[in-house]
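Structure first, then comments.
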Amino acid sequence: MAKELVEFRNLETHFSTSAGTVKAVNDVSFSIREGETLCIVGESGCGKSVTAMSLMQLIESPPGKIVGGEILFEGKDLLKLNKKEMSRLRGKEIAMIFQEPMSSLNPVFTIGKQITEPLLYHLNMSQKEAKARAIELITMVGIPRPEKIFDSYPHELSGGMRQRIMIAIALCCDPKLLIADEPTTALDVTIQAQILDLMRDIKSKMNTAIMMITHDLGVVAEMADFVVVMYAGKVIEEAPVLELFKDPQHPYTQGLLKAKPVLSQRKERLYSIPGQVPNPVDLGDNCHFHDRCEFCMEICKTKKPPLRTHADAKHKTACWLYEEEGKAQ
Amino acid sequence: MEQPGNPTEQLQEQLKIVKAESPWRIAIRRFAKNRLALIGLIILVIMFLLCFIGPLFSPYTLNQTNVGNKNQAPNAQYWLGTDKLGRDIMLRVMLAGRISLTVGLVATAISVVIGAVLGAVAGFYRKYADTIIMRIADIFLALPTLPILITLGAILSDLKIDPGKRIYFLMLIIGLLGWVGLARLVRSQILTLREQEFMQATEALGLRDGRKIFRHLMPNTIPIIIVSATLGVAGAILTESALSFLGLGVVPPTPSWGNMITAANSLIDFRKRPWTWIPPGMCILITVTAINLIGDGLRDALDPKMKSR
Amino acid sequence: MKKRLSLMLVTLMAFGSILAACGGDESAAPADTNTPTETSTDNTATPDESTAEEPDATEEPAAESDSAIGLTEAEDMSLNPAAATARTDSAIIGLVAPQGVFNPMFYQTTYDAYVNNLIFPSLLKIKGDGTYENDLAESIDISDDNKTYTFKIRDDANYTDGTPVTAGDYLFAMKVYMDASYDGQSDPLSWNVVGAQDYHDGKAKDISGIKVVDDKTVEVTVSDYDAMTQVNLGGVAPLSEAYYGKSYKQGDVSSIKELNNKPMGAGPYKLTKYTAGQEVDFEANENYYDGAPKIPKLIYKVTTDTTNMAMLQSGETDLDNVTVNEDNVEELKSMGFLDVDVLKNNGYGYVAMNNNNPLFTDPKVRQALTYGLNRAEVVEAAYGPYAEVINIPQSDVSWAYTAENINTYDYDPEKAKQLLDEAGWVEGSDGIREKDGKKFEVNFSATADNPVIDALIPIMTENYEQLGIKLVVETLDFNAIMEKKDKGDYDMFFAAWGLTPDPDSTVYVTDGAQNNSGYSNKEVDELYKQGKKELDLEKRKAIYAEIYQKINADAPEILMYQRTNMNAINGRLDGWDVTPYKEFPYSLHQVEISQ
Amino acid sequence: MSQYIIRRLLQMIPTLIGISIIVFAISQMVPGDYITATQNPNMTAERAEQLRSLYGLDKPPVQQYFIWAKNMLVGNLGDSFQHKMPVTEVINTYVWNSFIIAFVTLILSWTIAALVGVFSAQFQYSFFDKVVTLLVFLLMSLPSFFIGLLAIKYFALDMKLFPTAGMTTAGLNASGFDYIKDVAKHMILPVAVMTTLQIGGLTRYFRTGMLEVIRQDYIRTARAKGLKERTVIFKHAFRNALLPAITLLGFELPGLFGGAMILERVFAWPGIGQIYLASLNLRDYPLMLGFTMFLAVLTLLGNLISDILYGVADPRIRLK
């Protein structure tokens, strides 16, 4: 088994708003191993992006703040690094691509300039080397006529091409971890597939670990080695991808899988989880899914279920259904 | 807790909620939640009330001069002192506010509306519309203001327009003179925005031009419009006093904050009689600050990028 | 931002104009006093009253009456700042920027005149009492028919380039005056010099009425004379033909105007450097015929009314004209090292009534409006002790002034009401008087940039309301008011006149060029004609006294006040002889530095 | 691009013609003319007539316009009535005095406003931001002459740090470096006041611009690339925040030469602003019209330049 690259330990990231404190990431722990693709799934607002941004330490502060926990990267706690050390790591060891390829590139600089920037800064390359490397990268992400692209501006490229450029930028320093925050959501389906192919390709070539954030189980099925399911700032289930799809334990995960249309078994209508994501302000110390859960028990409303292994060693779930106390009821 | 999104996302957002709740309703709701903006609004309302109702409780009247009491420092009888004709400054500041607040807000509103709309239209349609609007703007910019104002003043006088009503012309004129800068600013922003992808999406949706401009492009220019408006209010209030001299504004003894400050025009006034210029100066400052607070609140409320923080 | 800019621009422009106008006569507005009249340089004899119509601005209340006017000497010269005492051989005089038209024929502003006064002497110069004495002229002989004037120029008069001032130079100056392309402010054809019109029209190569008798003697013949003729002719400053006339051709004076910023004359000082908008430097003319000036170096430094007191205080200037008000006088006096000289202004403020307007044709109405306005309160509020209510249109320092048989129109609303009743204006149901179905409603235009207006409008509105007259007030640009006046499309407006030393005027003459109110009184016309033609001063006094009594009775306008001006002079400079008529440049050459 | 510039330059022709017609028409409508504005009490009707015909004021307006326009085409703006010299010479004499303070002010105010705006935005609602905001509003609430007087009082009279007013020390016969030093000393106060006034509005625009930009995705990208915060702010964010300001920059061109009427007066600075104002008060049409047209040309050029710059700075805009 590969070495652990990143380990989140009891991460707590809070946002203070006029309405109260939002515990966007609430006691989250999981780890990513070298060369592994880990997917974080969950609905909008469940804290997946904040988890990723916490890792990058790009939480906007105020209002956001990491209030507790540790993020170990190759054994070092990132939260203890100073600004300079952290910025040395960003873009070099840990790279990130975002959901919105359209606006993630600076409109007033050429593609070339934006790709070479980290090369010049992190790797101290000369302009010439940087350009050569950039063109190599552009070619690698599958864009023809890289020289021309090098001198283009972002608005001259399509969304898919821009996401490829974002990937090229992310990869330029051979990072050990690539965070991809819904990299395909804003793209249309054929482009989505291409981008995912590209990422898989890269992963196999460069052995980069990928932390992918998505709400699309199709993407998960295609990409993931390991899956973390989040709900309202908490990890409620984690498992290797096959295990999860085969045997989803948490009612929420089950709901998610049911909500996904599957061609082979057409149903009358798509399943959707009843109810809404709870108001994130001042959530109680209980199972946050309880009011949407068809198996809801008394204990769910009052007590927080622990995240624990039940069947498979790698499969953890936080649900009273699988606990003694729960079963007792 | 998503990061602020981009316009594409914003469009999706909007499309999602169009049915449920209009953006303006959301804006009102958000505005009401913005504490600073509410404070600004309250201050402005208080200013209005003071200026329009306050004088009713004053023991003094406008035309009442009393040279024996001239240049008194603030005291129990005259809370803010008296001016060089022995008039109560408190009363004058309040009466002045009626003029200055109205002129400042109305004139600014006129120029902001004209500037924003023309700028947006020019930037959106480009080509002929742009050429024509921007050349007109050039002409406006190049015209010598003072001779025009003198001429207008003379014309109004020849037409025997009631001097008390000329204040409406004044507001119109200040408004008409002020739109060019904002128009150019809005135009250049729209030029950029219209090239962005979310506009292609509106294209695909087959939205009408008006909707594209006002629903999707204009909200992005709100911040700059607000800066422009804040600066404009102060400018208009001070400009009023200047134009009064040309037969376009208020007639003495009617006070305005601008002409009260201008009346203190020497180092000696400045040193010896701060009570003659500090009150009107403070009033302008408070008004401008209040408007800016409201403006910031409006911006946050109208800005789709600011999510429910 | 642009919006802000353009608004700012408006603000700037308008404030600028305000400030400009505010400066008061002496300091700023180009539109007012600086007007040269033909009285211009030294000659000042001009026929007419008045220079400007713009109300003199920015004066404020002040100290107590009699002591308020006159000279207050510096008390403690030890307070004099080092900056001033360090100037042992020079003096710096602060003034509003001249325009660089340094030629007595062409200048436009008072401040250019101040420069010209030092460089270009005329044949005559003004005395402190407003009459004239010889300057460049050694003698003036007048023929018995008063039509031929023989001027003899002093033998010791030389230009600063060493050449003598000759009769030919006088002729040359006259030719320039009479030239068709001459566009200065004087009206030389009105001097009635024989042959001038022909020269002007290009029909003659010489002016037949001017004969150069010898190098130093010139004889001028006029077709008609009046009290002003001698001063008109004597007021001309000879121009060195050798210097100015090199490229002059009849019909084109541009070659002379080109030398405007390089003046050369026979005066006490010569110009050494002119920096536009900043300063004019002079050097004493050692060979000046009245004796070399005692201050070797003189600088006119440009100041503005915002900083002129500050610069006096810091010793950066030795003399400046400061707007009169209580604050300023007090401030300057408290500095201790300044002589503060408060002088009566040659001018008066008034409210014009349109005598051609049916409202004002009846003298009783005009008298009523004068009685019914509390002028004393207005003047007190606006100027305090530094202005006085006047009842005749003449300065009380003029030889033509009279107080005999003059009605003072003291505030008397009852009398005013009675007069209005008599005139047939009776109170209507709404309290406003009416006659033949017409309401007594008056439009009143005024410039706003002026302390009198601040006080006048509220008081006037209230006073007239008591009489049953509705006053509708508007504030306007000064030129706009004047245009309404020219069109005759007005009821009342507020303005001010400047006064020239000679009492002759067209202000009250039927259809006179300066007649603003449309006032017409055949007797007054006739008297003005007599006064102008009479050469004997005593007889003239009597004539003008009669004129003023008639005007006073007719009340063609509401005369308001005569205000004051102030020179603040560093106490280290002595030897001045300054009066309302004789401004500071005329005695500069005799001023010395006494530390 | 060059096609665009040529087209815009060509468009300037009709625009300028339009401006010249309007400006001339206004000059005809303004009450009074030079003869009446000079208020010469000795002016007889005959003399007034003579002068009007000398100055060509007696001709029909349309004819006057064409004479004026024709002369202007060959660079002749006519002679100033009051200065008795060519308008171009009058402008040339005073405009550079205005230019030097305007130019220094421009550089200073833009630099300072940019920095203040950036910090104000980066630390939005911080103490610094609030103080700056309040100061800006305070400055906006007072007329400029007021602020000028204040500066003179404290810095020139009380602290005696700078000369009170004027451009040079009276009677100074310096040249070369000493002269420059003297002028520089006199410039400090007016430039400081003008800069302070200008910064106000600009800061607000820069702050708003920055606030908008730092919330953009590409700033997040830049940070994710591991760039230094300074690089992120001053390179990635500032460049974008500057875009709206380019529009404002175009307005500065006429401002450089236009003079500042009030402050020139307050500081007795020999600039063109006061001269222009006097030309207006005296109805000195050749000077007034000439200077207006001069500024009009600069205004159009300024806008053209800002449009071109905008096109260059923002690759998304296509100049066609």
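Report the antiparallel proportion of the DSSP beta bridges in the protein assembly as shown as a percent, rounded to a multiple of 5.
Values: 98 of 132 bridges.
Looking only at bridges with both residues in the protein assembly as shown, the antiparallel portion is about 75 percent.
Taking the Cα atoms of the stretch C:333-421, the ratio Rg/Rh between the radius of gyration and the Kirkwood radius comes to 1.08.
Over all distinct Cα-Cα pairs of chain A, the Kirkwood formula returns a hydrodynamic radius of 20.9 Å. For chain D, the calculated P(r), taken from all Cα-Cα distances in 20 Å bins from zero up to the bin holding the longest distance, is 25, 49, 24, 2, 0 percent.
Lysine pairs in chain D with Cα distance under 20 Å, only those 8 or more apart or on different chains: how many are there?
Working: D:LYS59/D:LYS70; D:LYS153/D:LYS185; D:LYS160/D:LYS181; D:LYS160/D:LYS185; D:LYS225/D:LYS235.
Lysine pair count for chain D: 5.
Relative to the longest principal axis of the Cα atoms of chain A, the long axis of helix A:111-122 makes an angle of roughly 80 degrees. The separation of the stretch B:46-61 from the stretch C:162-229, counted between C-alpha centres, amounts to 69 Å.
Rg and Dmax of the stretch B:148-288, based on Cα coordinates, read 21.0, 68 Å.
Using only the C-alpha atoms, the convex hull of the protein assembly as shown corresponds to 212 Å³ per residue. Computed extension gain for C:ASP145 through C:ASP215, at 0.36 nm per residue and net of the alpha carbon distance, reaches 22.7 nm.
If R₀ is 41 angstrom, what is the calculated FRET efficiency for the pair C:ALA403 and D:ARG52, using the beta carbon separation as r and rounding to 0.05? According to the calculation, E is roughly 0.45. Note on B:LYS272 and A:SER29: the model spin-label points, each 7 Å out from Cα along the C-beta direction, lie 8.0 nm apart.
Based on alpha-carbon atoms only, what is the radius of gyration of the stretch C:345-487 relative to the globular estimate 2.2 N^0.38 Å?
On the way: Rg = 15.8 Å, N = 143, 2.2 N^0.38 = 14.5 Å.
The reported ratio for this selection is 1.09.
Taking the three principal axes of the alpha carbon atoms in chain B, the coordinate ranges are 76, 46, 33 Å, sorted in descending order. Comparing D:VAL87, D:VAL191, C:LEU123 along the charge dipole axis of the protein assembly as shown, the residue lying farthest to the positive side is D:VAL191, per the Cβ-charge model.
Treating only the Cβ of Lys, Arg, Asp and Glu as charged (+1, +1, -1, -1), what charge dipole size does the protein assembly as shown show about its Cα centre? Round to the nearest 20 debye.
Dipole magnitude for the protein assembly as shown comes out near 10240 debye.
Equivalent-ellipsoid semi-axes for the stretch B:229-307 (Cα gyration tensor, √(5λ), whole Å, largest first): 32, 16, 8.
With a simple spin-label model that places each label point 7 Å from the Cα along the Cα-to-Cβ direction, the separation between A:LEU123 and C:THR88 comes to 8.0 nm. The C-alpha atoms of the stretch D:95-262 occupy a region whose extents along the principal axes are 63, 32, 27 Å, arranged from largest to smallest. Put one equal scatterer on each alpha carbon of the stretch A:19-156, apply the Debye formula with no solvent term, and list log10 I(q)/I(0) at q = 0.10, 0.22 1/Å to two decimals. For the requested q values the scattering log ratios are -0.46, -1.39. Remark: relative contact order (the stretch C:124-257) = 28 percent; criterion is Cα-Cα distance under 8 angstrom and separation of 6 or more residues. Under 5 Å between amide hydrogens, which residues at least 5 positions from D:ALA268 or on another chain qualify, with H placed 1.01 Å from N in the peptide plane? Amide H neighbours of D:ALA268, under 5 Å, 5+ apart: D:GLY166.
When Lys and Arg each count +1 and Asp and Glu each count -1, what net charge do the other residues less than 11 Å away from C:ASN285, Cβ to Cβ, add up to? All intermediate terms of the calculation are to be shown ahead of the outcome.
Details: positive: C:LYS270; negative: C:ASP161, C:GLU283, C:GLU286, C:ASP290.
Residues near C:ASN285 contribute -3 overall.
If R0 is 41 Å, the Cβ-Cβ spacing of B:GLN64 and D:MET29 corresponds to a FRET efficiency of close to 0.55. Each residue in C:TYR401, C:TYR581 was given a count of other beta-carbon atoms within 10 angstrom of its own, and listing them fewest first yields C:TYR401, C:TYR581.
Shape class for the stretch C:430-475: oblate, because the ratio a/c of the largest to smallest gyration tensor axis (alpha-carbon atoms, square roots of eigenvalues) is 1.5 or more and b/c is at least a/b. For A:SER16 and A:PHE295, the FRET efficiency from 1/(1 + (r/R0)^6), where r spans their Cβ atoms and R0 equals 30 Å, is about 0.30.
Membrane-span-like helices in chain B, defined here as complete DSSP H runs extending at least 24 Å along the helix axis by their C-alpha atoms with mean Kyte-Doolittle hydropathy no lower than -1.0, are B:35-53, B:89-125, B:222-244, B:274-302; this is a sequence and geometry rule, not a statement about a membrane. Dipole check for the stretch C:124-257: with +1 at the C-beta of Lys and Arg, -1 at the C-beta of Asp and Glu, and the Cα centre as origin, the magnitude is about 360 Debye. Distance between the C-alpha centres of the stretch A:181-229 and the stretch A:122-161: 22 Å, rounded to the whole angstrom. In percent, rounded to a whole number, the relative contact order of chain D is 28, using alpha-carbon pairs under 8 Å and six or more apart. The residues C:TYR561, C:TYR274, A:TYR322, when put in order of fewest to most other Cβ atoms within 10 Å, stand as A:TYR322, C:TYR274, C:TYR561. As a rough footprinting exposure proxy, the listed residues A:GLU100, C:GLU138 were ranked by other beta carbons within 10 Å of their own, and the order from fewest upward is C:GLU138, A:GLU100.
Computed over the stretch C:124-257, the range of Cα coordinates on each principal axis works out to 37, 36, 29 Å, biggest value leading. In chain A, which cysteines lack any other cysteine Cβ under 4.7 Å from their own? Taking the Cβ cut-off of 4.7 Å, the unpaired cysteines of chain A are A:CYS39, A:CYS46, A:CYS172, A:CYS173, A:CYS319. Projecting the alpha carbon convex hull of chain C along each direction and taking the average yields 29.4 nm².
Any read-out appearing in this document is the output of simple, stated calculations on the displayed coordinates, not a laboratory observation. Please read all numbers here as calculations on a predicted model, not as lab measurements. Don't worry about glycine lacking a Cβ; one is built from the backbone with ideal geometry, like all the others, and counts go over all protein chains shown.
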